[in-house]
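Heads up, the thing below is written out as structure tokens.
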Amino acid sequence: MPAATPVDPYQRLIAITRSITQVMDLDLLFDSVIDAAVEITGAERGYLLLLDPDESLPLSERLRVGASRQLEPDEIEHSDFHASRTAIMKTLAAKCGLEWADALSEPDPSQSVVMMGLRSILCEPLVHQDKILGVIYLDSQLTSRFNEGARELLPSLAAQAAICIENTCLVGEREEALRREHAELAYRDAMAAFMSIASHDLKGPLTVLKTGLSVLRVSGADRGLLVDMEQALQKAQRLVAMYLDANALQQDGSVNLTRAGLELRSLVEEEFTHLKRFLGSRRLDSFEFINRVEPDTLVWADSDRLRQVLANLLENAVKYAPDGGRVEVRSQSLENQVVIEVADQGMGISEEGLARLFEPYVRVHDTDVRGSGLGLWIVRRLVESHGGRIEVESQEGQGSLFRLYLPKRVGH
Ligand code: ADP
């Protein structure tokens, strides 16, 4: 029988590279890479270790096992780790390959080398565009030196593997982002459809209740009870109006405005009064409401819509201030615009929250405070429909300041 022709190691590397570039599943990719590394070097044991990019962690805590051969995958955190931690750390720190031949006869062999009788070790970092993704670790108790061909091939394999890992991760991240975006869109559509149906359905019974209340008022029912019921009804009607607004804005983005020159100071005063009515006496005592709007400040706006904007901002200023504090509205007249500021001393908003604050259904805090995350989105759309804009300044735990720019006169 003719002797089998030895496989050219370079041909083998090309074949391996071709096969790993086709693997799209990360775990399979790690397996293929460590199999290939073990095969071309003839090592008995091997690890493919991945490095967490979070540089604030100590190096030893950043490693996790991607794949292993003849080594326990879950040993990495244990003190009885059966590979040479020293060799791995040195490779990561130097960002280049390391070879320990005749490891046992080194003048000062590492503890693991002595304990496990390791005769040779090869380590190769996985580097892509100067970013270190991990390391391939191989060792042997049988041979005191891996053959030269194998040592030459390992860096090429590691370079190819690093490219494949980075690409597969990128594809995975993109797929995950798309999946999240789809899920969010589907959720928003479902919410919008539900709120539209629910709001239309609720409008009827709320109108009946309103009529019933006027009848009760005439017939001399208990005043206190009537006030409570009227307030509850107003709140329910505001909520329904908000959901219907949200739906209309989502459908065609338009708002019909009937504008007039509105006296801002009295409007703010009315909204303060309205808000105070809904606060229980204990909560009310914890707040100080200050109206610093200059008298005779006129804003060119739709009365109902401007009230809605102010009501929403003031309601939030109270809702997200569990310890109370000062709620202040002030204004400044510019040439063509009025700047309105609503400031509170509440829980504030994180930087991450600020970035998404005006998007629909976004809620920033994980609190029991109820809400839909639609209010600020509608506020922004209403302000923009007036040709204005809204800004916010806030820091977590430091209160918030919402600033509106609205036109003063027709055409501005
Ligand atoms: P909702 O109050 O219904 O959740 P909003 O759109 O009015 O919806 O507000 C979105 C989120 O922004 C809130 O859930 C809250 O986390 C945060 N937020 C709004 N206003 C304030 C504020 N004045 N202080 C702190 N956080 C606020």
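Numbers for the structure displayed
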quantity: Proxy reagent accessibility, fewest Cβ within 10 Å first, across Glu99, Glu106; calculated: Glu106, Glu99
quantity: Overall form of the range 308-382 per C-alpha gyration tensor (a/c, 1.5; a/b vs b/c); calculated: oblate
quantity: Computed over the chain: relative contact order in percent, which uses C-alpha pairs under 8 Å that are six or more apart; calculated: 10 percent
quantity: Whole-Hz couplings from phi, Karplus 6.51/-1.76/1.60, listed for the range 371-382; x for Gly and Pro; calculated: x, 10, x, 9, x, 5, 5, 5, 3, 4, 5, 5
quantity: Order of Tyr320, Tyr243, Tyr361 - criterion: other Cβ atoms within 10 Å of each residue's Cβ, fewest first; calculated: Tyr361, Tyr320, Tyr243
quantity: Packing-based exposure ordering (other Cβ within 10 Å, fewest first) of Phe402, Phe278; calculated: Phe278, Phe402
quantity: Contact order normalised by residue count of the range 66-184, Cα under 8 Å, 6+ apart, percent; calculated: 20 percent
quantity: Gaussian network model of the chain, springs between alpha carbon atoms under 10 Å - residue of Leu244, Leu142, Leu154 with greatest fluctuation; calculated: Leu142
quantity: Count of Lys pairs (Cα-Cα under 27 Å; at least 8 positions apart or interchain) in the chain; calculated: 11
quantity: Sequence-distant residues sharing a close amide H with Val338 (under 5 Å, placed H); calculated: Leu406, Lys408
quantity: Semi-axis lengths (Å, descending) of the ellipsoid that matches the C-alpha gyration tensor of the chain; calculated: 69, 23, 21
quantity: Placed amide H near Gly348: partners under 5 Å, 5+ positions off or other chain; calculated: Gly397, Gln398, Gly399, Ser400
quantity: Test item: Cα-centred dipole of the range 154-287, Lys/Arg +1 and Asp/Glu -1 on Cβ, debye; calculated: 640 debye
quantity: Rounded to 5, the percent of DSSP beta bridges in the chain classed as antiparallel; calculated: 90 percent
quantity: Burial ranking of peptide ranges 212-225, 342-355 (average Cβ count within 10 Å, highest at the top); calculated: 342-355, 212-225
quantity: Per-residue ³J(HN,Hα) for the range 92-101, Karplus 6.51 cos²θ - 1.76 cosθ + 1.60, θ = phi - 60°, Hz, x for Gly and Pro; calculated: 5, 5, 7, 6, 8, x, 9, 10, 10, 9
quantity: Net charge contributed by nearby residues that have their C-beta within less than 13 Å of Thr41 (K/R +1, D/E -1); calculated: -3
quantity: Distance between modelled label sites at Met89 and Ala232, nm, 7 Å Cα→Cβ extension; calculated: 6.7 nm
quantity: Leu63 long-range amide H proximity, modeled H, under 5 Å; calculated: Asp52
quantity: Phi-based couplings in Hz for the range 300-316 (Karplus 6.51, -1.76, 1.60; Gly and Pro marked x); calculated: 8, 8, 7, 4, 4, 6, 5, 4, 4, 4, 4, 4, 5, 5, 5, 4, 5
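Here, each number is a calculation from the coordinates, and none is a lab measurement. Treat the numbers as computed from the prediction; the structure is a model and nothing was measured. Don't worry about glycine lacking a Cβ; one is built from the backbone with ideal geometry, like all the others, and counts go over all protein chains shown.
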